[in-house]
Structures are given as C-alpha cells and as structure tokens.
Amino acid sequence: MVDFRLTEEQKALVDLARKFGNAEIRPIAARHDESHEFPHDVFKKALDLGLLNVNIPVEYGGTGMTLMDECLINEELGAACPGIAASMEVNNLSNWPIVLGGSPEIKKKYLPKINEGWKGAYALTEPEAGSDVAGIQSFAKKDGDGYVLNGSKQFITNGSVADFYCVFAYTDKSVRYGGMSCFLVERAWDGVRVGKKEDKMGQRASDTCSMSFEDVRIPKTHLLGNEGDGFKIAMHVFDHSRPAISAIAVGCARRAMEESIRFASERRAFGKPISELQAVSFMIADMAVSIDASRLLVWQAASMMDQGIRNSKQAAFAKVFAADTAMKVTTDAVQVFGGYGYSREYPVEKLMRDAKIFQIYEGTSQIQRVIIGREIFHSK
Ligand SMILES: Cc1cc2nc3c(=O)[nH]c(=O)nc-3n(C[C@H](O)[C@H](O)[C@H](O)COP(=O)(O)OP(=O)(O)OC[C@H]3O[C@@H](n4cnc5c(N)ncnc54)[C@H](O)[C@@H]3O)c2cc1C
C-alpha cells in the first residue's frame, strides 16, 4: 500500500515551518528582494527553532531529520520567499560532503560549529564549467602534509557570508572524473577571496558571488572522503539536494496559485468575478494539477533516498517537473493578475522572477533530461 498521509510529527513540522514562514519571512521578503541584503536574522531564528541544518546527525548535536522532513519544511519556506529558502537549503547541502566524507574528527570539530551558526557554501561551478562538472579547472596540489589549492569559482550561493566552503578541485588531472576531490576550506584561511556579488533577476535575498582560492594551504585532514571521491560526492549530494530544492519550487508555485485564487475571487470583469471565466479557472485548475504532481515527485524522490534506494532518476524527475511547473505557474499567475501582475505592488512578479533559477541551478532542466535519458537507455 502507498500511504500519502503525513505522520503527526510531520504535520507539526509543516505547521511550525508555515508559521515561521508567515511570521518571519513573508513580511521581510520584498525588502530583501529590493535591497539584496542577506537575511542573517532569519537564519538565526530558524536555527534556534530547528529549521536549519536539519540534516546534521543526532550524534553531532543535530536533529537528524529525513530528506522527506527537509522537503516538507522547504515547501513552506519556499511559499514564504524562494530566495531565503534557497539560501537556507544551501546551508543544509553544504553539510552533506562533511556528513558523507568527513573523518570522525572533522565531524566532531565542524558539525557542532555549524549547529551554533556557522554558515556554509558549496563551491563546484566555475567560470568555464557549470553543467560540465568534470570540466572544472581548480587544482589541489599535494604538498608535504596537505594540499595547495588554486582556482576560481562562480555563482556560489552564500559565498560572501559563509564561514566554510566545500570546494571541489582536481588532485589528479590525468583522470577526468576519478581525479576530482572535495575539501573543507575555512573562510579565514589565507588565500580565500570572495569576489563580486551577482546582481540577480530573482532570489535576490540569497547571496551569490564569485570566489577565488590562491595558494590556499589545506591540511590533509580536510580532504572529504578519499582522493578521487569528489565527483561521487557531488553526484550523491545532488540526489539529496534536487528533491530539497524542488520542494522550494513547489512552495513557490503553490504561493503563486494561492495568490491567483484570492485575486480571481475578488477581481470582477464583465459583471462577475474573473474566477467564473472559464479561461481563468482553467489556468488555475492546471496550476493545481501540476503543483500536486510536482509534490508527489518530490516526495517519491525523498522517500526513496530515506529508504536507501538509489533515486538519481526520480530526483531528476522531481527537479525538472517542479522547476518547469514553478516557471509556468508563476507566469500564469502574472496573467491572472492582468496589469497588476506586472506591478511590484503585488507579489506575483517577484515569484515569477524567483522561479526562473529553478530551471538553471542544481543542474539545468536540459541536464535533468540528459540524466533521465541516460537512466532510461543505459542504466542496468
Ligand atoms: C543564482 C545561482 C546560484 C547558484 N548557486 C550555486 C552554488 O551554490 N554552487 C555551485 O557550485 N553552483 C551554483 N550555481 C551554478 C549553477 O549550478 C550553474 O549555473 C548551472 O549548473 C548551469 O551551468 P552554467 O551556468 O555554466 O551553464 P552552461 O553549463 O554553460 O549551460 C548553458 C546552456 O547550455 C545547456 N547545456 C549545457 N550542457 C548541455 C548538455 N549536455 N545537453 C543539453 N544542454 C546543455 C544548459 O542547459 C544551458 O541552457 C548557481 C547559479 C546561479 C545562477
């Protein structure tokens, strides 16, 4: 039997995240969109309530929540502000390489610091390599009892506010995938430089910047996993992070639909509410169907991960469908609002700008289809 009902604990978690989103995020979302400021206060309050870093295991002082729980939280935060939710999720995803590949000493040293408020960033993309992950140029050269890292990174979420980075770099350039490694790098170390902050179309409350690493000395203890495990770690993190990010896209789309329903019930044309015009109600009906379908794909991918079942294909299903749905629903929401939809006084134009990036980061919609095609035709 497949049971789509949430447990009492999960319902309470959804309620907590929804109240937090309504009270702490919605009122400030437009201001942060305008000012491009990072919401430090929201992070602090979310941490205190147990809504941040939810993937840190209990033995290291975390809540050890499942990916399903994380997705439930993310949908609510995404409905409040997709940009703030995405920044919070990147904090979670930056913990994964440590959880997956950190030695017991590294976990004991860093996970409690993260629980106390250290922020993280995940530095994979480079100026010349995004979709083509194996095309990165950063290199960590073995040197005595550690490594010396050189390279540039691009579009790093939380980059300018992070205390630590999970950085991907080659340790052996003669092997395309198997020569990549992952390192934990502290912000305070010599040679770590934060570059230009991007002036973005949407998700402007999240911080995105370029970075460079110039002769950064990394102790060998800070290699996560073994030399050559970097690509494997990056792919494993995607299997977690794609459902989690997709849940934010579901929240973004759901909020746009809720705003559309409210507006369509109040706005009148030709002597009746526009909700009674079939063209409008059909747009909203299509929103409702595709949002539910997205959520079910997210839950499927998350629950497979929680059961230890390989979910790469289902994570890509969730990502491509939820991202494309968020873009379509928010665009239609602007349409339902008519001229008011195009005005900054109403919330839907922001949601439309926020939605676009779901089709780009964490693997573009084209790359998700590449993965799905590969899984269909080449997976044994
Ligand atoms: C706001 C924001 C936040 C981000 N946060 C992070 C972060 O925290 N950490 C991080 O490491 N990265 C981050 N990224 C980077 C993001 O993951 C990449 O931008 C994304 O993977 C696409 O890479 P690219 O920009 O180099 O585009 P490209 O890879 O150059 O792609 C350009 C176009 O070509 C298409 N394309 C490329 N290859 C193929 C193919 N094989 N088949 C079909 N189509 C293809 C793409 O779909 C796209 O349409 C972020 C980006 C943004 C904009």
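When the residues of segment 239-290 are narrowed to those that are under 22 Å from Arg18 (Cα atoms) and polar (S, T, N, Q), which ends up surrounded by the fewest Cβ atoms within 10 Å (Cβ to Cβ)?
Among them, the one singled out is Ser290.
Taking into account only those residues within segment 359-370 that are near the ligand (Cβ under 8 Å from one of its atoms) and polar (S, T, N, Q), which is nearest to Glu258 (Cα to Cα)?
Pass one, segment 359-370, residues near the ligand (Cβ under 8 Å from one of its atoms): 360-367, 369-370.
Filter once more, so that each one left must be polar (S, T, N, Q): 364-366.
Details: Thr364: 27, Ser365: 25, Gln366: 29 Å.
For segment 359-370, the residue satisfying everything is Ser365.
Six or more apart or on different chains, Cβ atoms under 6 Å: show the pairs whose first residue is in segment 199-223 and touching a residue at least 12 places away in the same chain (Cβ under 8 Å) and whose second is among the aromatic types (Phe, Trp, Tyr) and surrounded by fewer than 22 Cβ atoms within 10 Å (Cβ to Cβ).
Pairs that qualify, where the first residue is touching a residue at least 12 places away in the same chain (Cβ under 8 Å) and the partner is among the aromatic types (Phe, Trp, Tyr) and surrounded by fewer than 22 Cβ atoms within 10 Å (Cβ to Cβ), are Asp207/Phe38; Thr208/Phe155; Val216/Trp189.
Looking at Gly373, is it over 28 Å from Ser260 (Cα atoms) and assigned to a loop (DSSP other than H, G, I, E, B)? Let's see the steps before the verdict.
Numbers: over 28 Å from Ser260 (Cα atoms): yes; assigned to a loop (DSSP other than H, G, I, E, B): no.
For Gly373, the condition - over 28 Å from Ser260 (Cα atoms) and assigned to a loop (DSSP other than H, G, I, E, B) - is not met.
I'd like to check something: does segment 146-153 contain any residue that is small (Gly, Ala, Ser), out of contact with any strand residue (DSSP E or B) (no Cβ under 7 Å at 6 or more places or on another chain) and away from the ligand (no atom under 13 Å from the Cβ)?
no
Among the listed residues Lys356, Lys350, identify the single one that is under 26 Å from His236 (Cα atoms), basic (Lys, Arg) and within 16 Å of the ligand (Cβ to nearest atom). Before you say what the answer is, go through the steps one by one.
On the way: Lys350 fails: under 26 Å from His236 (Cα atoms).
Matching residue, one of Lys356, Lys350: Lys356.
Enumerate the pairs (first residue in segment 308-334 and assigned to a helix (DSSP H, G or I); second residue anywhere and surrounded by 24 or more Cβ atoms within 10 Å (Cβ to Cβ) and among the charged types (D, E, K, R)) with beta-carbon separation below 6 Å, excluding pairs fewer than 6 apart on the same chain, so at least 6 apart or on different chains.
Short answer, once both residue conditions are applied: Ala315/Arg242; Lys319/Arg242.
Taking only segment 119-141 into account, find how many residues are more than 8 Å from the ligand (Cβ to nearest atom), of a type in the set (Gly, Ala, Ser) and either in contact with a strand residue (DSSP E or B) (Cβ under 6 Å, 6 or more places away or on another chain) or modelled with pLDDT of 95 or more (or both).
Going through segment 119-141 one residue at a time, the tally reaches 4.
Would you mind stating whether Ile98 is more than 30 Å from Trp299 (Cβ to Cβ) and not in a strand (DSSP E or B)? Give the steps one after another, and end with the answer.
Numbers: more than 30 Å from Trp299 (Cβ to Cβ): no; not in a strand (DSSP E or B): yes.
When the stated conditions are applied, Ile98 does not pass them.
When Met235 is evaluated against the numbered criteria (1) touching a strand residue (DSSP E or B) at 6+ places or on another chain (Cβ under 7 Å); (2) assigned to a helix (DSSP H, G or I), which criterion, by number, is the only one it fails?
(1)
Glu105 - would you say it is surrounded by fewer than 24 Cβ atoms within 10 Å (Cβ to Cβ) and over 19 Å from the mean Cα position of the chain (by Cα)?
Values: surrounded by fewer than 24 Cβ atoms within 10 Å (Cβ to Cβ): yes; over 19 Å from the mean Cα position of the chain (by Cα): yes.
It is true that Glu105 is surrounded by fewer than 24 Cβ atoms within 10 Å (Cβ to Cβ) and over 19 Å from the mean Cα position of the chain (by Cα).
Specify the residue that is surrounded by the fewest Cβ atoms within 10 Å (Cβ to Cβ); the eligible residues are those in segment 1-24 that are outside any helix (DSSP H, G or I) and touching a residue at least 12 places away in the same chain (Cβ under 8 Å). I'd like the intermediate steps shown before the answer.
Our first condition is that a residue be outside any helix (DSSP H, G or I); within segment 1-24, this holds for 1-7.
Okay, now just the ones that are also touching a residue at least 12 places away in the same chain (Cβ under 8 Å), so 4, 6.
Numbers: Phe4: 7, Leu6: 15.
Only one residue fits best here, namely Phe4.
If you go through segment 136-147 one residue at a time, do you hit one that is of a type in the set (Gly, Ala, Ser), over 21 Å from Arg187 (Cβ atoms) and within 25 Å of the chain's Cα centre (by Cα)? Break it down stepwise before answering.
Looking only at segment 136-147, we keep the residues that are of a type in the set (Gly, Ala, Ser), and these are 138, 140, 144, 146.
Narrowing further to those that are over 21 Å from Arg187 (Cβ atoms): 144.
Pick out the ones that are also within 25 Å of the chain's Cα centre (by Cα) and you get none.
No, segment 136-147 has no match at all.
Could you tell me whether segment 109-117 includes any residue that is closer than 21 Å to Glu9 by Cα, not in a helix (DSSP H, G or I) and not charged (D, E, K, R)? Give the steps one after another, and end with the answer.
Kept after step one, since they are closer than 21 Å to Glu9 by Cα, are these residues of segment 109-117: none.
For segment 109-117, residues closer than 21 Å to Glu9 by Cα, not in a helix (DSSP H, G or I) and not charged (D, E, K, R): absent.
Which residue pairs have Cβ atoms under 6 Å apart, sit 6 or more places apart or on different chains, and have a first residue in segment 87-109 that is assigned by TED's automatic domain parsing to the domain that holds Ser181 and more than 10 Å from the ligand (Cβ to nearest atom) and a second that is outside any helix (DSSP H, G or I) and open to solvent by less than 10 Å² (accessible area, probe 1.4 Å)?
none
The values are calculated or read from the model by the stated rules, or taken from the named source; none is laboratory data. Just so we're clear, the structure is a prediction, and the values are computed from it rather than from any experiment. When we count neighbours, we look across all protein chains shown, and the Cβ atoms used for this are built from the backbone with ideal geometry, even at glycine. Side chains included, ligands, DNA and RNA excluded: accessible areas come from the protein's heavy atoms. Shrake-Rupley method; radii C 1.70, N 1.55, O 1.52, S 1.80 Å.
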